[in-house]
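Read the structure below first, then the notes.
Values quoted throughout were computed directly from the atomic coordinates according to the rules given, and no laboratory measurement underlies them. Fair warning: this is a prediction, and the values are worked out from it, not measured in the lab. Note that we place each Cβ from the backbone using ideal geometry, even for glycine, and neighbour counts take in every protein chain shown.
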Amino acid sequence: MIGTIVRKEIVSNLLSYKILVVLLLMVLLTATSLFVMHRDFSARMADYQIIRPKPGQPIAVVPPNPLSIFAKGLENAMTRSFEISVIGVGVRAGQSSGNVIYAFFPAPDFLYVVRIVLSLVALLFGFDQISREREQGTLKLLVGGPVSRAQVLAGKWLGNFLSLAVPFLLVTLLGAAVLLFDPNVRFTAGQLGRLGVVLALALLYMAFFLSLGMLVSALTHRAATSLIVLLFAWALLVFVLPNLGTLVARQFVGVPSVRALSEKRQQTWTREVLLGISKGGNWVDRMRTVSRENDLMEEDYRLKFDRLVRLSRTINRLSPAAGLLDAATGIAGTGIDEESRLKAEVVRYKNAVLDQLIADQAAGKRDSQYPAFVYRPRALGQVFADGALIDLAWLAVFNVLAFALAYAGFVRYDVR
Amino acid sequence: MGQTLVAKEIRGHLLSFRFLAGFVILFVVVVVTSVVLTGDYVRKLDEYSARQAELDRYLRTYAHFNRIGGVLRPSQPPIPFQALVRGLTADVNMEGFDADPLPVMFPLIDLVSIVTILVSLMALILTYDAVSGEKEDGTLRLMLANSLPRSKVILAKAAGAGLALAGPLLVSLAAGMLVILVHPRVDWTGVDWAALGLIVLGAGAFGGVFLLLGILVSSVHRSSASSIMTSLSVWTLLVLVVPNLSPYLASFLAPAPSRIMVARETERLSDTDRDDLVNKLRAEYRGQVLKDYPVLAERLTEAEVKKRVAEDPEYRQAFEANRAAEERALAEGNRIQSEKIERIRTALRRKEAAQTRLARAISMVSPLADFSYLATDLSSTGTRNQAHFADLARLWGQAFFGDYRTKKIADLRSKDPTADVWNTAVDMTDAPRFRYVEEGLGGRVQTALPPFAVLLGYGIVLFAAAYVAFIRYDVR
């Protein structure tokens with residue numbers, strides 16, 4: 001029975017103007033986004049070939065991550081080259097551009113398309129599921145038949161989910177397959193698995209907005225009212241809450257500004273150099289002082305920043321869009337935690353290089369060869385343990401809740 | 001008659017659920033954002049003065065000319081407008097090790113994002129069924145059966161919706177401003193108020209574009225259900241897609257070489273390539289010198305050369321000609337290489353500027369980008385301010401490294417001619433400090449005019465199209 005309803009929903013969707021518009025939008029945007037972000041990745045790769053360190057150079061650079069085509073996250077910050085010198089870590093080459101327009105608008109990666117367009121599309125599929133059939137008078141007939149309301153609702157949900165998910169998956173997989181033709185984009189099996197997890201998250205996210213649409217539709221009698229409620233709810237969930245949440249968190253956790261940190265670093269090393277020249281004494285001690293003070297500052301900053309991130313995450317959990325962004329960038333390896341970890345590794349590498357430098361100088365050795373910087377991204381299990389699992393569970397809870405409430409609303413719905 | 005129509009439209013909006021919902025959400029979000037952003041601004045003020053105090057302490061004890069450039073970098077103090085518009089003054093920093101990645105992931109909300117997303121959405125929601133809805137209700141027929149020109153009807157619809165949108169926007173903004181002004185530490189000057197007035201005017205034009213878009217789409221479609229689909233798709237493209245794609249498209253259409261590549265190339269040109277060139281030139285010049293002074297062909301040790309230079313004036317002349325040739329080779333090599341480098345850098349700058357211009361032009365197809373440029377430039381948080389800041393920084397640099405440093409170093413040398421003036425601690429608390437002054441309103445308005453004109457042009461075109469579509473509308 002449920003199969004019939006699913007089929008009916010799919011057929012009626014296929015015949016509608018809605019699916020035409022929506023499919024066009026989805027196909028166009030996903031394809032454009034993958035194309036554009038792939039070009040962006042290739043540019044990063046070309047830069048990496050230039051800045052990658054020669055053996056023995058004390059430079060820390062990680063290669064670009066092909067998953068950043070899908071979820072760019074903090075990739076730009078992570079692929080910079082960190083060059084170690086006696087005064088600390090210097091960022092010499094980052095992929096920067098003179099084109100300031102990049103700074104105005106967020107990157108249109110696949111995750112952006114999912115977060116914003118796919119959620120809107122799912123709402124547009126859900127908003128009139130019940131109220132429209134009531135307005136057309138078919139709801140009476142449907143419920144009058146030998147089907148339970150639960151079956152009607154489940155059938156409707158499944159039918160609409162399939163009409164959305166199938167074209168979405170087709171476009172995405174096709175796009176990913178085209179990407180594989182580029183020899184620079186070498187996905188490892190693990191990365192393909194991660195991509196699969198991101199896709200599953202995207203589907204879960206889409207399912208939530210579909211259920212939300214059906215929920216509001218089951219609570220209102222007119223499709224127009226339902227749409228208005230949903231559009232405003234969508235704007236709040238996707239745009240306002242996540243961005244306001246991080247700002248609110250800043251009110252409670254004071255974090256030194258980036259500017260303050262870099263000014264402090266400058267003051268520290270120039271002071272030590274001056275003291276070294278005027279007072280003389282051991283250069284090694286001066287170097288160690290600079291390194292220690294910077295590390296202490298960095299450590300203090302990390303503690304505060306982690307607290308800020310945790311708090312803003314907790315606030316942002318109100319919005320599934322923020323959860324999706326955190327979880328998907330985490331899984332792709334371009335998230336906030338990964339960037340923090342990379343920087344901590346760079347600091348550790350700096351200390352190892354300094355130790356060797358000091359030892360080599362004491363031994364009178366010239367042309368020191370330093371070990372290469374190796375960074376291993378967190379394993380998928382670790383990413384889940386660090387918070388992605390909570391995001392995933394939370395998204396599932398949102399889903400179940402929205403569907404259960406939709407059911408409760410529909411059971412009490414006056415079909416006349 | 002026109003008044004009756006407008007009054008009817010406004011009444012219709014005021015009584016509607018969508019108006020109420022939009023109003024409440026706009027009001028709450030604007031007020032909450034104002035509270036949070038004001039707190040943020042005050043925190044930034046404190047942070048800025050703490051940083052300056054730290055810098056003062058350093059300048060008193062440890063300042064020395066050799067490394068002062070990195071320490072005394074001009075930095076922009078928070079401006080009162082940041083309690084409303086955040087603009088480009090974010091903490092995202094790609095040039096140094098310290099960077100705050102949160103705003104990259106979650107662009108912070110401000111008046112600009114509220115207006116661009118919420119107001120445009122509300123405008124569409126108000127008008128997506130302006131014509132098609134009345135057709136479905138059957139009231140359109142009745143209305144047009146009277147002696148009413150269609151032009152008046154559509155004009156009244158636009159005016160009614162415009163007023164219905166302006167009300168909530170102005171009320172919410174007034175409440176937000178009240179929150180900001182009640183705070184004792186936020187000072188708004190007359191110029192700030194004028195700039196805010198102009199931004200609100202721009203917001204009005206921006207909202208108007210989407211109202212007219214809704215009316216146009218609704219007078220093209222027979223049913224409200226398809227009308228909302230079309231309006232939302234167009235909205236998505238204009239607001240959420242075109243601006244974000246524009247820099248990437250521009251980089252495709254007007255490519256500029258990567259800065260990393262250029263840096264590597266210029267490094268090579270001024271290093272190994274220069275040495276090769278100098279060696280080549282040196283050989284060439286020396287060949288000529290050798291022709292003129294065959295005595296140089298003799299192979300002598302350094303000591304012998306010295307001896308001969310002292311004794312033999314002819315040899316000395318030859319020796320000096322040789323040295324001059326070597327110096328000439330070095331100077332010539334340096335000149336050629338720095339010309340090459342300068343050419344590459346100029347080409348890069350030119351290409352980047354062309355790409356930026358193109359990206360800006362593409363993005364200006366989107367009313368959201370138009371409004372963002374208009375609002376950030378008017379509030380001195382946009383690209384114009386970056387250029388203005390760079391100018392101020394240059395002037396300060398001249399005052400500091402030109403006048404102040406020259407004078408101080410002369411002072412130091414007069415006291416002790418043998419002192420290492422570069423690496424001696426000098427109390428620099430009396431040095432000219434970088435002071436940021438906002439640019440006058442005139443220049444800011446000038447930059448804001450083109451995006452404003454685009455918004456107005458959009459409005460006129462959309463209204464004309466809506467009029468034509470409505471004239472041809474089948475009211476049955």
Pairwise FRET efficiency - B:Ala410 versus B:Arg316, Cβ, R0 = 30 Å, nearest 0.05: 0.20
Cβ-defined net charge surrounding B:Thr4, 14 Å radius [Lys, Arg +1; Asp, Glu -1]: +3
Normalised contact order of region B:36-193, rounded percent, pairs of Cα under 8 Å and 6 or more residues apart: 26 percent
Per-residue HN-Hα couplings for region A:395-412 [Karplus 6.51, -1.76, 1.60; θ = phi - 60°; Hz; x = Gly/Pro]: 4, 5, 4, 3, 4, 4, 4, 4, 5, 4, 5, 4, 4, 4, x, 6, 4, 8
Inter-label distance for A:Val86 and B:Val24, nm, one decimal - labels placed 7 Å from Cα along Cα-to-Cβ: 6.7 nm
Span from the region B:300-360 Cα centroid across to the region A:345-416 one, whole angstrom: 52 Å
Shape call, region A:288-384: gyration tensor on alpha carbons, a/c limit 1.5: oblate
Charged-residue dipole, Cβ positions (Lys, Arg, Asp, Glu), region A:1-67 about Cα centre, Debye nearest 20: 80 debye
Cut-off 12 Å between beta-carbons: net charge of the residues surrounding B:Ala83, Lys and Arg +1, Asp and Glu -1: 0
Distance between modelled label sites at B:Val309 and B:Ala166, nm, 7 Å Cα→Cβ extension: 8.6 nm
Quotient of Cα Rg and 2.2 N^0.38 Å for chain A, N being how many residues it contains: 1.22
Distance from region B:151-167 to region A:7-66 (C-alpha centre basis), Å: 42 Å
Packing rank of B:432-445, B:120-133, where each peptide gets the mean count of other beta carbons within 10 Å, highest leading: B:120-133, B:432-445
Pairwise label distance in nanometres, A:Ala150 with A:Asn184, each label 7 Å out on the Cα-Cβ vector: 5.4 nm
Backbone HN-Hα couplings from phi across region A:151-160 [Karplus 6.51/-1.76/1.60, Hz, Gly and Pro as x]: 5, 4, 5, 4, x, 4, 4, 5, x, 6
Chain A: most fluctuating residue of A:Ala122, A:Ala363, A:Ala379 per GNM, C-alpha cutoff 10 Å: A:Ala363
Sites matching trypsin sites (Lys or Arg not before Pro) across region A:159-268 that sit in DSSP coil, with at most 16 neighbouring C-beta atoms within 10 Å: A:Arg186, A:Arg222
Theoretical gain in end-to-end length, A:Asp306 to A:Val100 [0.36 nm per residue, Cα-Cα removed]: 71.2 nm
Cα-based shape type of the protein assembly as shown, given that a ≥ b ≥ c are square roots of the gyration tensor eigenvalues and the cut on a/c is 1.5: prolate
FRET efficiency, A:Leu169 to A:Thr138 (Cβ-Cβ, R0 41 Å, nearest 0.05): 0.90
Rel. contact order, % - alpha carbon contacts under 8 angstrom, at least six apart, chain B: 27 percent
Segment B:Arg222-B:Ala331, extension gain: residue separation times 0.36 nm, minus the distance between their alpha carbons: 31.4 nm
Cα-centre dipole for chain B with unit charges at Cβ (Lys and Arg positive, Asp and Glu negative), debye to 20: 1280 debye
Most positive-pole-ward Cα, B:Met177, B:Ala130, B:Leu196, against dipole of region B:116-199 from beta carbon charges: B:Ala130
Violating pairs (Cα-Cα greater than 23 angstrom) within the set B:Lys280/B:Lys307; B:Lys280/B:Lys340; B:Lys44/B:Lys408; A:Lys264/A:Lys365; B:Lys8/B:Lys152; A:Lys18/B:Lys135: B:Lys280/B:Lys307; B:Lys44/B:Lys408; A:Lys264/A:Lys365
Between 0 and 90°, nearest 10: helix A:2-14 axis offset from chain A longest Cα axis: 80 degrees
Neighbour net charge for B:Glu314 - beta-carbon separation under 15 angstrom, K R +1, D E -1: -2
Residue with peak Gaussian network fluctuation, chain A [Cα springs, cutoff 10 Å], from A:Phe403, A:Phe105, A:Phe35: A:Phe105
Peptide B:226-234 - average C-beta neighbours from other chains (10 Å radius): 5
Under 22 Å from the Cα of A:Lys72 - lysines, other chains or at least 8 residues apart: A:Lys343
Amide H contacts of A:Arg92 (H built 1.01 Å from N, under 5 Å, at least 5 apart or other chain): A:Ser81, A:Glu83
Selection from B:Phe19, B:Ser75, B:Leu111 lying farthest towards where the dipole of region B:1-154 points positive, charges on Cβ: B:Phe19
Potential extension, B:Glu298-B:Ala390 segment - 0.36 nm per residue separation minus Cα distance: 27.3 nm
Per-selection metrics, chain B (Cα): Rg and Dmax in Å: 33.5, 119
C-alpha long axis of helix B:367-378 to longest principal axis of chain B, angle in °: 60 degrees
Cα-centre dipole for the protein assembly as shown with unit charges at Cβ (Lys and Arg positive, Asp and Glu negative), debye to 20: 1660 debye
Using alpha-carbon coordinates, inclination of helix B:190-218 to the longest axis of chain B, degrees: 50 degrees
Förster radius 25 Å - calculated FRET efficiency between A:Ser340 and A:Trp394, Cβ distance, rounded to 0.05: 0.70
Gap separating the Cα centres of region B:193-253 and region A:145-193, nearest whole Å: 30 Å
For region A:351-365, 3J(HN,Hα) per residue [Karplus equation, 6.51 cos²θ - 1.76 cosθ + 1.60, θ = phi - 60°, Hz, x = Gly/Pro]: 5, 5, 4, 4, 4, 5, 4, 5, 5, 5, 5, 4, 7, x, 8
GNM result for chain A, Cα springs below 10 Å: residue of A:Asn243, A:Asn316, A:Asn99 fluctuating most strongly: A:Asn99
